[in-house]
Amino acid sequence: MDAALSHIDTWIFDLDNTLYPASANLFAQIDSRMGRFIGDMFGCDPDEARRIQKQYFFEHGTTLAGLMAEHGVDPHEFLAFVHDVEMDVLEHDAPLAAAIAKLPGRKLVFTNADAPYATKVLDRLGLGTHFEAIHDVHATSYRPKPDPDAYRGLCDAYALTPASSLFVEDMARNLKPAKAIGMTTVWIDNGSEQAADTDRDFIDFTVTDLGRWLEQILETQPCPTR
């Protein structure tokens, strides 16, 4: 393992646009269904639905959090609707699966989606058996990333030590609370970032290809066993 990461015993990964390329554009389907849900709910046109959707995303961390806070939307109903998407844009990623399997220590998924959807994505990628657990939006009590409580809740749920944990995300803003509690942070710079942020001091590593980066840090020397 790369000497700079030899202290890491827990590897935490975001799901969408992190464990698969943003070019797959799976989230576009989810984004579209969010707009349909809001349009039906408010009886508004697509442009107004999108405005509401993005306003809640930026103000509350996720569109769902905004709909719950402002309108008492049932999260299960919302998530079932927006995650009813085709997975055929995703491909089995054998090199990534092999790299993740070689990582020493624990491996978790930390997502603002829900576990049923995350499980379908992981299975499609060939990663279904590679993670100890999926910490989803229900587990955060609907206070999702980047709410600091979501990160503390993750650490409490799995008895994690932040100083020996690494978090990989495509949304840079979601790395800032992780760094604040002592995690090592990896930003997947793949074009999916939705908010400009000139302060990047909370990012330890910037990579464009997760699988290749994992291969590189594992090639440094033989992987330690636990």
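The values are calculated or read from the model by the stated rules, or taken from the named source; none is laboratory data. All of these numbers come straight from a predicted model, not from anything done at the bench. Glycine gets a Cβ as well: all are built from the backbone with ideal geometry, and neighbour counts include every protein chain shown. Note: areas computed on protein heavy atoms with side chains; ligands, DNA, RNA excluded. Shrake-Rupley method; radii C 1.70, N 1.55, O 1.52, S 1.80 Å.
List every DSSP H helix in the chain whose Cα atoms extend 18 Å or more along the helix's own long axis and whose mean Kyte-Doolittle hydropathy is at least -1.0.
Answer set is 26-42.
Toward the positive end of the charge dipole of the chain, about the Cα centre and with charges on Cβ (Lys, Arg +1; Asp, Glu -1), which of G72, V137, A98 goes farthest?
A98
Could you give me the ³J(HN,Hα) list for segment 168-185, computed from phi with Karplus coefficients 6.51, -1.76, 1.60 and θ = phi - 60°, whole Hz, x at Gly and Pro?
Here the 3J(HN,Hα) series is 10, 8, 8, 9, 4, 5, 7, 8, 4, x, 5, 5, 4, 9, x, 6, 7, 10 Hz.
To the nearest 0.05, what FRET efficiency results for K120 and F81 with a Förster distance of 22 Å applied to their C-beta separation? Could you put the intermediate results ahead of the total?
On the way: r = 15 Å, r/R0 = 0.68.
E between K120 and F81, to the nearest 0.05, is 0.90.
Would you mind working out the accessible area per residue for segment 1-157, using a 1.4 Å probe, and quoting it in Å²?
44 Å²
Among 83-96, 48-61, how do they line up from the highest to the lowest mean number of other beta-carbon atoms within 10 Å?
Sorting 83-96, 48-61 by mean packing, highest first, produces 48-61, 83-96.
Could you calculate the contour length gain from K54 to S164, that is, 0.36 nm times the residue separation minus the distance between their Cα atoms, to one decimal place in nm?
Working it through step by step, the gained length comes to 36.2 nm.
Tell me what the chain gives for mean residue ellipticity at 222 nm when only DSSP H runs of n ≥ 4 count, each as -39,500 (n - 2.57), the sum divided by the residue total, rounded to 500 deg cm²/dmol.
Result for the chain, helices only: -12500 deg cm²/dmol.
Provide the FRET efficiency to the nearest 0.05 for the R212-A157 pair, computing r from the beta carbons and using R0 = 22 Å.
That gives a FRET efficiency of 0.10.
Identify all lysines with a Cα-Cα distance to K102 below 28 Å; exclude those on the same chain that are fewer than 8 residues away in sequence.
K120, K145, K176, K179
Can you tell me the dipole magnitude for segment 72-129 around its Cα centre, using point charges on the Cβ only (Lys, Arg +1; Asp, Glu -1), in Debye to the nearest 20?
Values: 5 positive and 9 negative charges, 109 e Å.
It comes to approximately 520 debye.
How do 30-43, 114-127 rank on mean C-beta neighbours within 10 Å, highest first?
My ranking of the peptides, most packed first, is 114-127, 30-43.
Assuming R0 = 30 Å, what is the FRET efficiency of D45 and D74, from their Cβ-Cβ distance, to the nearest 0.05?
Approximately 0.80, to the nearest 0.05.
Ignoring ligands, DNA and RNA, what percent of the 1.4 Å accessible area of the chain is carbon and sulfur?
Whole-percent figure for carbon plus sulfur exposure: 49.
Stretched out fully, how many nm does the piece from D2 to V89 gain, at 0.36 nm a residue minus the Cα gap?
Length gained between D2 and V89: 28.0 nm.
Taking amide H atoms as placed 1.01 Å from N in the peptide plane, list the residues 5 or more away in sequence, or in a different chain, whose amide H sits under 5 Å from that of D170.
Counting only residues 5 or more places away or on other chains, the set is I188.
Rounded, prolate or oblate, given the Cα gyration tensor of segment 40-187, with a/c below 1.5 counting as rounded?
oblate
For the charge dipole of the chain, defined by +1 on Lys and Arg C-beta atoms and -1 on Asp and Glu C-beta atoms about the Cα centroid, which residue among T62, W11, M171 has the Cα displaced farthest towards the positive pole?
W11
In debye, nearest 20: dipole of segment 67-226 around its Cα centre with unit charges on the Cβ of K, R (+) and D, E (-)?
Details: 14 positive and 26 negative charges, 148 e Å.
So the magnitude is around 720 debye.
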